[in-house]
1. What is the percent carbon and sulfur in the accessible area of region 32-89, measuring with a 1.4 Å probe over the protein chains and ignoring ligands?
2. Applying a 10 Å radius around every beta-carbon, put 64-70, 82-88, 108-114 in order of their mean neighbour count, most first.
3. Take peptides 33-43, 122-132 and line them up by average Cβ neighbours within 10 Å, highest first, as a rough protection proxy.
Amino acid sequence: SFPTRRSSDLSRRANNLDRTDHEIGLRIKQICKRLGIPVGDLNRLAEIAPQLVIDPAGLSFGIRGRDYVFLDFNASARKKNLVLAHEMGHVLLGHLLTDHLARDESPCGEVIYRELLADVFSAVLMALCAYGAAGNDKEEK
């Protein structure tokens, strides 16, 4: 017979995962704040600029010399963390279109390569945040 776990044990583990997701999110947001990268609500952006073709998960762009990241504030904590870290990767790796919101016309291979780099960046950043190695563990005031 298979060993069974008590529901209270599973519930405790789920709560720990939720807490970890929340703490990772706080660390990633602190990094954005320190780097001066504003994080906005993707749904609000879609209301303001309906002409934009918006990825439902997240978006980053540069305009007038400033980088911006937008994500769906209604997504789960884990999804928001992943998207925010991925979009930060685009910002910090220099992938952004600047001074306009035009569609990226790069060859397909370049786009795929940039997406893979942003995915790797996000995985490393989330791992560092999960283990407390990124930034200061104290909350900013």
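The values are calculated or read from the model by the stated rules, or taken from the named source; none is laboratory data. If you're wondering where the values come from, they're calculated on a predicted model, not measured in any experiment. Reconstructed Cβ throughout: ideal geometry from the backbone, glycine too, with neighbour counts over all protein chains shown. All accessible areas refer to the heavy atoms of the entire protein, side chains included, with ligands and DNA or RNA removed. Shrake-Rupley method; radii C 1.70, N 1.55, O 1.52, S 1.80 Å.
1. Reported share for carbon and sulfur atoms: 54 percent.
2. Sorting 64-70, 82-88, 108-114 by mean packing, highest first, produces 82-88, 64-70, 108-114.
3. 122-132, 33-43
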